Amino acid sequence: MWRKPLARMAEYVPLLRQGLRGERLRQFRLGVEPPGEVPIYLAAVNPKMLRLAGALADGVLLTWVPLAAVPQVVAEIRRGAEEAGRDPSRVDIALYLRACVTDDAEAARQWLRRDLTGYAVADVYSRVFRHYGFEAEIEGMQRAWQRGERAAAVQQISDRMVEALGLVGSAAACRERLAAFAAAGISLPVVFPIAPGGTAAELRRTLEALAPQAA
């Protein structure tokens with residue numbers, strides 16, 4: 001883990017821009033012709049990094065943000081852009097959205113429970129999930145995890161949490177949710193298809209159903 005990640009990122013992004021433009025940086029220079037202006041996206045979770053991304057990056061890449069929290073997250077990004085004298089509308093806001101168009105919603109929810117548990121064991125994500133109002137789920141999950149009860153830990157992730165963070169169900173229901181995220185301020189919804197049964201057909205079904213509104 002970096003010490004002073006904000007300061008390091010603030011230094012790194014301008015250097016990366018220079019390097020991608022073909023400028024020499026100490027002992028580094030691109031070995032190929034620069035492909036033109038390469039957009040830089042920063043993954044961000046916490047408010048300070050969201051504001052920094054708004055100030056420096058061409059785009060922000062988000063994950064696991066519930067629909068209700070999107071306006072708050074977008075506001076932090078725009079605040080960072082405005083404080084840096086940038087036009088907030090020029091900062092692309094992307095969000096990974098785990099999605100499954102399926103007739104077996106419970107299987108998809110169970111897949112998402114396992115995925116969410118894998119993230120929630122990390123302190124940075126557990127803090128964010130608590131901030132989004134899932135304190136009870138995280139408390140229960142972490143207690144079970146610490147006892148070594150992995151299956152029980154997964155089951156602490158409620159349907160409420162899964163439904164807030166994922167897109168599961170019919171094609172129409174998933175498209176409606178996808179549109180709601182876009183309306184809330186997500187300019188680039190990135191559909192992350194999941195396949196509870198482990199088949200390519202499941203992935204294809206989701207992608208084909210959501211492609212008209214997906215990036």
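Worth a mention:
- Enumeration of residues in the range 67-121 that are of a type in the set (Ser, Thr, Tyr) and either under 16 Å from ALA182 (Cβ atoms) or modelled with pLDDT under 95 (or both): SER89, TYR96
- Any hit, the range 170-193, residues being crowded, with 18+ Cβ neighbours inside 10 Å, within 21 Å of the chain's Cα centre (by Cα) and on the phi > 0 side of the Ramachandran plot: no
- Residues that are surrounded by 15 or more Cβ atoms within 10 Å (Cβ to Cβ) and not polar (S, T, N, Q), drawn from the range 153-169: ALA153, VAL154, ILE157, MET161, VAL162, GLU163, ALA164, LEU165, GLY166, LEU167, VAL168, GLY169
- Hits in the range 130-148 (condition: part of a loop (DSSP other than H, G, I, E, B) and farther than 16 Å from LEU62 by Cβ): GLY133, PHE134, ARG147, GLY148
- Test: residue in the range 150-160 that is under 19 Å from the mean Cα position of the chain (by Cα), part of a helix (DSSP H, G or I), under 16 Å from LEU97 (Cβ atoms) and in the same structural domain as PRO193 (by TED's automatic domain parsing): no
- Within the set GLY36, GLY54, GLY31, the sole residue that is over 17 Å from VAL190 (Cβ atoms) and crowded, with 21+ Cβ neighbours inside 10 Å turns out to be GLY54.
- Check on ARG127, buried (at least 16 other Cβ atoms within 10 Å of the Cβ) and either part of a helix (DSSP H, G or I) or not assigned by TED's automatic domain parsing to the domain that holds ARG204 (or both): no
- Inter-residue pairs, beta-carbon under 7 Å, first in a helix (DSSP H, G or I) and of a type outside the set (A, V, I, L, M) and in the range 1-27, second surrounded by 10 or more Cβ atoms within 10 Å (Cβ to Cβ) and modelled with pLDDT of 85 or more, 6+ apart: ARG17/ILE40
- Some residue of the range 61-81 being crowded, with 18+ Cβ neighbours inside 10 Å, among the aromatic types (Phe, Trp, Tyr), under 16 Å from the mean Cα position of the chain (by Cα) and in the same structural domain as LEU207 (by TED's automatic domain parsing): yes
- For the range 158-175, the criterion of being touching a helix residue (DSSP H, G or I) at 6+ places or on another chain (Cβ under 7 Å), over 21 Å from PRO66 (Cα atoms) and in contact (Cβ under 8 Å) with a residue 12 or more places away in the chain is satisfied by no residue at all.
- Per-region count, the range 59-91, residues in a loop (DSSP other than H, G, I, E, B) and either in contact with a strand residue (DSSP E or B) (Cβ under 6 Å, 6 or more places away or on another chain) or touching a residue at least 12 places away in the same chain (Cβ under 8 Å) (or both): 6
- Residue, farthest from VAL168 (Cα to Cα), within the range 188-203, restricted to residues that are in contact (Cβ under 8 Å) with a residue 24 or more places away in the chain and not in a loop (DSSP other than H, G, I, E, B): LEU188
- Exclusive hit being over 18 Å from TYR96 (Cβ atoms), in the same structural domain as GLY133 (by TED's automatic domain parsing) and more than 23 Å from the chain's Cα centre (by Cα), set GLY31, GLY85: GLY85
The values are calculated or read from the model by the stated rules, or taken from the named source; none is laboratory data. Model, not experiment: these values are computed from the prediction. Using ideal geometry, Cβ is built from the backbone for each residue, glycine included, and neighbour counts are taken over all protein chains shown.
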